[in-house]
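Step one of this worksheet: look at the structure below.
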């Protein structure tokens, strides 16, 4: 949708690649949904991310969510 309406620059904190690595690290089965990078989804838009300074915080948030679900 972002690309269809021409919103412009995309900035993201963490990537699907990081998320997959974290889930694998925690023994979570892979998702049935194919993880695509934003570069595979949209062309011609400036993309910035992931933000290395946020990686540990985002990882901890995902880990806490998993803990609460179990």
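Odds and ends about this structure:
- Which numbered condition residue 1 misses (of (1) touching a helix residue (DSSP H, G or I) at 6+ places or on another chain (Cβ under 9 Å); (2) more than 25 Å from residue 69 (Cα to Cα); (3) loosely packed, with under 14 Cβ neighbours inside 10 Å): (1)
- Selection status of residue 14, surrounded by 10 or more Cβ atoms within 10 Å (Cβ to Cβ), in contact with a helix residue (DSSP H, G or I) (Cβ under 9 Å, 6 or more places away or on another chain), assigned to a loop (DSSP other than H, G, I, E, B) and modelled with pLDDT of 95 or more: yes
- Only listed residue being touching a helix residue (DSSP H, G or I) at 6+ places or on another chain (Cβ under 9 Å) and modelled with pLDDT under 95, chosen from 30, 50: 30
- Any hit, segment 37-48, residues being touching a residue at least 40 places away in the same chain (Cβ under 8 Å) and surrounded by 10 or more Cβ atoms within 10 Å (Cβ to Cβ): yes
- Some residue of segment 53-70 being free of Cβ contacts under 8 Å to residues at least 24 places away in the same chain and either surrounded by 14 or more Cβ atoms within 10 Å (Cβ to Cβ) or in a loop (DSSP other than H, G, I, E, B) (or both): yes
The values are calculated or read from the model by the stated rules, or taken from the named source; none is laboratory data. This structure is a prediction, so every number in the text was calculated from the model and none was measured. Using ideal geometry, Cβ is built from the backbone for each residue, glycine included, and neighbour counts are taken over all protein chains shown.
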